[in-house]
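Have a look at the structure below, then the notes.
Any read-out appearing in this document is the output of simple, stated calculations on the displayed coordinates, not a laboratory observation. Since this is a predicted model, take the numbers as computed values, not measurements. Backbone-built Cβ (ideal geometry, glycine too); neighbour counts: all protein chains shown.
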Amino acid sequence: MSLLVLGTVALDSVKTPSGKRDCLLGGSASHFSMSARLFTDVHLVATIGEDFPLHERDFLRSMKLNLDSLKVNAGETFKWEGEYQGSLNSAVTLKTELGVLATFDPSVTEKQRGIRCVFLANTDPVIQMRLLKQMRKPALVALDSMNFWINSKRKDLLQVLKMVDIYVVNDEEARSLSGEHNLIKAGRKLRSMGPKMVLIKKGEHGAILYSDKFIFPMPAYPVETVVDPTGAGDTFAGGFMGYLAQSGKVTEGVLKEAIAYGTIAASFNVEAFGLERTSKLTIKDLRNRLSKFRKMMKF
Ligand code: AMP
């Protein structure tokens, strides 16, 4: 199955203990696409401003992404500035400049409306809803969000959550939206808000899936040198959704395998700044590391 992702294409400025980078190509949709493209064809829906570097657009094209619904609008590209300290588990946002995202009205082609697998990556929930309403009959819809939107557009987020199958969220945000500190209680509460399943990402501590039938935890792949965790969650989601789209079904076994692929994809993302590592990633790299991971976990 093809996969459609709506999210941000951004210019990021990032500071980590390994160094500082300005104007890196980033954004939720870009990071997501780097891993999802290894499984199926990916249609990217986002907006960029007139300042978006031409070579970055060429780069996205070279990744074989479908850019028919990547819109250039008058104004500046979405910009995010963040810093990581200590355990590198969560970013401190220093600046968010919405630019063209503030007035973005997504529209997809007639053909794209028929895509059955949809990921609403981290962006304004109002935009997520507008996009979802254009899709004809999606078989699988998953959504990610973050504190910025949970705090500023909570009502809109709660509305769009009612229409999704899987809510992919990090632990801090799961606690913030549910009001529950314990993640099992948080998972249950979030499911009662609409999504059939909730997949909570816990950074270096892995991820855990809650459905009505089972709970499935998975540790993170141990990485020795974490350079830049920006986009790890999106890369995880890309591997997860890419695998589901390729499989064409959502059974318990397929979901567990998809989480393993997401985990491995994210482990590559953190090893370098921005898209440096994931843009060179092959399905063979993923499979090799996954087989090491399986051996590690056998007991
Ligand atoms: P992650 O580390 O997986 O949470 O994703 C980080 C990416 O999300 C960065 O590349 C940012 O450009 C992008 N980002 C940061 N803040 C927002 C926001 N408020 N809405 C959408 N995307 C964002």
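Numbers at a glance
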{"item": "Relative contact order of region 155-254, defined on C-alpha pairs under 8 angstrom at six or more residues apart (%)", "result": "20"}
{"item": "Between region 191-227 and region 49-120, the Cα center-to-center distance that results, in Å", "result": "24"}
{"item": "Length-normalised contact order of the chain in % [C-alpha pairs under 8 Å, at least 6 apart]", "result": "19"}
{"item": "Per principal axis, descending, Cα span of region 149-270 in whole Å", "result": "38, 32, 23"}
{"item": "Net charge of neighbours whose Cβ lies under 12 Å from the Cβ of VAL226, counting Lys and Arg as +1 and Asp and Glu as -1", "result": "-3"}
{"item": "Region 3-293, dipole about Cα centre (Lys/Arg Cβ +1, Asp/Glu Cβ -1), debye to the nearest 20", "result": "1100"}
{"item": "Neighbour cut-off at most 12 other Cβ (10 Å), DSSP loop, chymotrypsin sites (Phe, Trp or Tyr not before Pro), region 181-238", "result": "PHE214"}
{"item": "LYS284-MET163 FRET efficiency (beta carbon distance; Förster radius 41 Å; 0.05 resolution)", "result": "0.65"}
{"item": "Approximate spin-label separation PHE148-VAL126, in nm, with each point projected 7 Å along Cα-to-Cβ", "result": "1.6"}
{"item": "Estimated distance in nm for a label pair at PHE299 and LYS133, the labels positioned 7 Å out from Cα along Cα-to-Cβ", "result": "5.1"}
{"item": "Dipole axis of the chain (+1 Lys, Arg; -1 Asp, Glu on Cβ), positive-most option in PHE216, ALA174, GLN128", "result": "PHE216"}
{"item": "Projected label distance in nm at ASP58 and PHE216, using a 7 Å step from Cα toward the beta-carbon", "result": "4.2"}
{"item": "Hits among lysines - C-alpha to C-alpha of LYS189 under 21 Å, sequence gap 8 or more where chains match", "result": "LYS153, LYS155, LYS162, LYS201, LYS202, LYS213"}
{"item": "Residue-wise HN-Hα coupling along region 131-143, computed from phi with Karplus coefficients 6.51, -1.76, 1.60 (Hz; x: Gly, Pro)", "result": "5, 4, 5, 7, 7, 6, 8, x, 8, 9, 10, 10, 9"}
{"item": "Highest-MSF residue in the chain out of ILE48, ILE127, ILE184 [GNM, Cα springs under 10 Å]", "result": "ILE184"}
{"item": "Of ALA102, ALA186, ALA207, the one that fluctuates the most in a GNM where the chain has Cα springs shorter than 10 Å", "result": "ALA102"}
{"item": "Options ALA207, LEU157, ASN89, ranked by Cα towards positive dipole end of the chain, top entry (Cβ charges)", "result": "ALA207"}
{"item": "Within the chain, longest stretch free of exposed GluC sites (Glu not before Pro) [DSSP loop, at most 12 other beta carbons within 10 Å]", "result": "111-223"}
{"item": "Aspartates and glutamates whose Cα lies under 13 Å from that of LYS15, excluding same-chain neighbours fewer than 8 positions away", "result": "GLU81, GLU83, ASP228"}
{"item": "Largest-first principal axis extents, alpha carbons of the chain, Å", "result": "55, 42, 36"}
{"item": "Ratio Rg/Rh, restricted to region 82-156 and using Cα atoms, in which Rh is the Kirkwood radius", "result": "1.05"}
{"item": "Qualifying trypsin sites (Lys or Arg not before Pro) for region 203-299 [loop in DSSP, other Cβ within 10 Å: at most 15]", "result": "LYS213, LYS249, LYS298"}
{"item": "Candidate lysines - alpha carbon under 19 Å from LYS295, same-chain residues fewer than 8 apart omitted", "result": "LYS256, LYS284"}
